[in-house]
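The values are calculated or read from the model by the stated rules, or taken from the named source; none is laboratory data. This structure is a prediction, so every number in the text was calculated from the model and none was measured. Cβ: placed from backbone, ideal geometry, glycine included. Neighbour counts: every protein chain shown. Side chains are part of the model used for accessible areas, which takes the heavy atoms of the whole protein and leaves out ligands, DNA and RNA. Shrake-Rupley method; radii C 1.70, N 1.55, O 1.52, S 1.80 Å.
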Amino acid sequence: MTVQTGIQPISAGRRVKDRAVQVLVYLAFAVAVIPLLSVLWLVVKNGLKRFDVEFLTHSMRNIGARDAGGGAYHAIVGTLEQVLLASLIAVPLGLLTAIYLVEYGNGGRLSRIISFFVDVMTGVPSVVSGLFVLAFWVLVLGMSFSGFAGALALSILMMPVVVRSAEEMLRLVPNELREASYALGVPKWRTIVKVVLPTAFTGIVTGVMLAVARVAGETAPLLLTVFITDSINTDPFHGPQMGLPLYVFDQAGRPTDTAIDRAWAGALTLILIVMLLNLVARLISWWRSPAKRGS
Amino acid sequence: MAKQIEVSDLDAYYGSHKAIAGVTMTIEPRAVTAFIGPSGCGKSTFLRTLNRMHEVIPGARVEGKVRLEDEDLYGPNVDPVSVRRTIGMVFQRPNPFPTMSIFDNVAAGLRLNGRFSRSELNGIVEESLKGANLWNEVKDRLGKPGAGLSGGQQQRLCIARAIAVRPQVLLMDEPCSALDPISTLAIEDLISRLKLDYTIVIVTHNMQQAARVSDKTAFFNLAAQGQPGMLVEMDETSKIFTNPAKKATEDYITGRFG
């Protein structure tokens, strides 16, 4: 057997393997993107039919089963309020949990238990969180259906996503920065607030936005907690509200074409809201990034 | 400003692993003390015990005494944060805060510790940057990110940041090992100027550097792999490099091992 040495051309076998893997990667990419694009395309195409000023400014009150017109204003208000409330609950809790896990837990018993339950929570089906709030908040405590009850259910779904993403971002902050801060005589909590969090800020914002996007489209938990209404209810603490996912679900279940069109337009609105929120988050991170401020 | 450090019979552990054993030494004020020795002999660990940075690592602990003049740094009521405010540290790799500008980096130690007026901060930042020999290079771009400087400039920025809080002792853990010869020279010049005001302790792998900048040199070694490191001898730098008392020191300095 001779051992070949020296500089040689790429062997035919490696060329073939390289091609094959390349084709496979592109194919996988296409398979992943095609459904995404087709969903987006369908929603835009069908949604634009009813995506007008009336749709964005009117509710479904006094709109009969066969009537055209009507809108999703009540649902938009509801979704924004519910998601905002859910974020107000889940983001601070999730962030503090992540800070505990990374900065104080040291891989101890408690932090491993928390980690485990966060993982479990990630896997909780959204209906279950809705059922939990229904059973505990509405049935046991006797509270009414409300946007806040929906926000509670959504925050249960949001929290583990926020914890996991914030945890990863905090772990990416190099230890050297913490040590540099300690060596200046800065206490640990100030180091976390002034050095660690700002460094991880962009990533944490992205993680929060992913969590928001995830819960903004949840239907099942809202169905059990927010209920459904055709009227505008801007008070998230009292009485049934609407949400865009509920609106889509409700309208899509009706037998008329006008209702189906409204459902598509509702879906389009939801996608646009999530995209808009993402854009805002990007702007915030860009505005906060040192690269921009430095120039 | 500068104070003397006295260490007596100090052991440092990582969990159950004993990293250094029985170190006793006196570090003179207004002088540069260099720690040399092979990798893993515990010289960096020992350095970190001097300002209680060692215990930042989970599971790490220290036994023994470190005294700064009359104060026991490991006394029961001593706040490690105040120890670190008194004994500053510069690390092996330059680590400016990436989210902060050059100005904010230097002001970080002050801002994070208390309230200072803008004009006070301006004065201290300028003075510290001049002290770190960086002022002329950055005075026109104090608002730019500190991470945008070259490696040598970043390290001088870190030194400026460390001296801005007016410590009494400055610990340097291989401050030049990530730098090119010209930046190294700049830092070494800086060290010889800083020793007029501060007690300086420097860990280095570069024996020429130890010979160039230090007044006293301490040689650390470990008996065998896995054994704790210990202080072999400490003396005037000129004596250590020309006529060391111990055979191991001579072997190390002449390059026979390590």
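List of remarks:
- The sole residue among B:Leu157, B:Leu142, B:Leu112, B:Leu179 that is within 14 Å of another protein chain (Cβ to nearest Cβ) and closer than 25 Å to B:Lys43 by Cα is B:Leu157.
- From the list A:Val215, A:Val196, the lone residue that is in contact with a Leu (Cβ under 6 Å, 6 or more places away or on another chain) and open to solvent by less than 30 Å² (accessible area, probe 1.4 Å) is A:Val215.
- Which listed residue is more than 30 Å from B:Leu142 (Cα to Cα), aromatic (Phe, Trp, Tyr) and open to solvent by less than 10 Å² (accessible area, probe 1.4 Å), from B:Phe35, B:Phe97: B:Phe35
- Some residue of segment B:222-236 being within 28 Å of B:Leu10 (Cβ to Cβ), open to solvent by less than 20 Å² (accessible area, probe 1.4 Å), in contact with a Leu (Cβ under 9 Å, 6 or more places away or on another chain) and more than 14 Å from every other protein chain (Cβ to nearest Cβ): yes
- Selected residue [open to solvent by 60 Å² or more (accessible area, probe 1.4 Å), more than 18 Å from A:Val162 (Cα to Cα), aliphatic (A, V, I, L, M) and away from chain B (no Cβ under 14 Å)] from A:Leu223, A:Leu268, A:Leu210, A:Leu244: A:Leu223
- Residue check, A:Leu56 modelled with pLDDT under 95 and open to solvent by 60 Å² or more (accessible area, probe 1.4 Å): yes
- The residue pairs whose first member lies in segment A:177-197 and is in contact (Cβ under 8 Å) with a residue 60 or more places away in the chain, whose second member is among the acidic types (Asp, Glu), and whose beta carbons are closer than 8 Å, counting only pairs six or more residues apart or on different chains, are A:Lys188/A:Glu103; A:Ile192/A:Glu103; A:Val196/A:Glu103.
- On inspection, A:Ala216 passes the criterion of being out of contact with any strand residue (DSSP E or B) (no Cβ under 9 Å at 6 or more places or on another chain) and more than 14 Å from chain B (Cβ to nearest Cβ).
- Output for segment B:105-133, where each listed residue is among the hydrophobic types (A, V, I, L, M, F, W, C), in contact with a Gly (Cβ under 9 Å, 6 or more places away or on another chain) and under 20 Å from B:Met172 (Cα atoms): B:Val106
- All conditions but one from (1) surrounded by fewer than 17 Cβ atoms within 10 Å (Cβ to Cβ); (2) modelled with pLDDT under 90; (3) assigned to a helix (DSSP H, G or I) apply to B:Ala147; the one that does not is (1).
- Residues of segment B:38-62 that are open to solvent by less than 20 Å² (accessible area, probe 1.4 Å) and among the hydrophobic types (A, V, I, L, M, F, W, C): B:Cys41, B:Phe46, B:Leu47, B:Leu50, B:Met53, B:Ala60.
- Verdict on A:Phe29 being farther than 29 Å from A:Leu152 by Cβ and open to solvent by 80 Å² or more (accessible area, probe 1.4 Å): yes
- Those residues of segment B:170-207 which are touching a strand residue (DSSP E or B) at 6+ places or on another chain (Cβ under 9 Å) and in a helix (DSSP H, G or I), in sequence order: B:Ile187, B:Ile191, B:Ser192, B:Leu194, B:Met207
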